[in-house]
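Contents: one structure, followed by commentary.
The values are calculated or read from the model by the stated rules, or taken from the named source; none is laboratory data. All values derive from a computational prediction rather than experimental measurement. FYI the Cβ positions are ideal-geometry reconstructions off the backbone, even for glycines, and counts take in every protein chain you see. Note: areas computed on protein heavy atoms with side chains; ligands, DNA, RNA excluded. Shrake-Rupley method; radii C 1.70, N 1.55, O 1.52, S 1.80 Å.
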Amino acid sequence: QVQLVESGGGLVQAGGSLRLSCAASGRTTSNYMMGWFRQAPGKGREFVATVRGATDYADSVKGRFTISRDNAKNTVYLQMNSLKADDTGVYYCACAADYTAWALRRAPNSYPFWGQGTQVTVSS
C-alpha cells in the first residue's frame, strides 16, 4: 500500500506562484510513476503532469508548471507559475506502480493510489 499526503495549496492572485508537495509513504520506489491531476467544480479529473524519469505535461500547463521528485525524501513537487483562474481546482497527487505502462500515464485509472487533494484557488 502507498499513502500520499498533499500540501501547499491556497489562494493566489492570477500571475502568482504556488508549490505543491506530495509526501509518499509505504511501498514506493523511484520507478513508481507519480502524477498530478486536478478537478475543477462540475468537471472531471484532469491530467496535469507526471514523472518517472521522463516527465509529461498537459498542454494547458506546459511551460508554466514543473514536476520534480526527491527520491531521498519520497516527495514529489509541482511548481506552478503564471497561474491563471482556469487553474483553480482540487489538485490530487497519484501514484502508479513501476510496471504501469508509460503510454497510460495520462489516464486517472492507471493510478491506484491517491492523496486527499489540496485546494488551489486563483483569483482574477
Given a 1.4 Å probe and heavy atoms of the protein chains only, how would you sort Lys73, Lys62, largest accessible area at the top?
Lys73, Lys62
If you average 1/r over every pair of different alpha-carbon atoms in the chain and take one over that average, what Kirkwood value in Å do you get?
14.2 Å
Treating only the Cα positions of the range 15-58 as identical point scatterers, give the base-10 log of I(q)/I(0) from the Debye formula at each q in 0.31 Å⁻¹.
-1.16
What does DSSP give for the chain in terms of the percent of beta bridges that are antiparallel, rounded to the nearest 5?
90 percent
Just by accessible area at a 1.4 angstrom probe, what is the order of Tyr57, Tyr99 from largest to smallest?
Tyr99, Tyr57
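I need to check one value: relative contact order of the chain, counting alpha carbon pairs closer than 8 Å and at least 6 residues apart, in percent.
36 percent
Compute the accessible area per residue over the range 1-92, keeping the other protein chains in place, probe 1.4 Å, unit Å².
Roughly 49 Å² per residue, with all protein chains present.
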Quantify, in whole percent, the carbon and sulfur part of the accessible surface of the chain (1.4 Å probe; protein heavy atoms only).
48 percent
Cys residues of the chain with no disulfide-compatible partner (no other Cys Cβ under 4.7 Å) are Cys95
Any aspartates and glutamates whose Cα falls less than 15 Å from that of Lys73, other than same-chain ones fewer than 8 residues away, would be Glu6
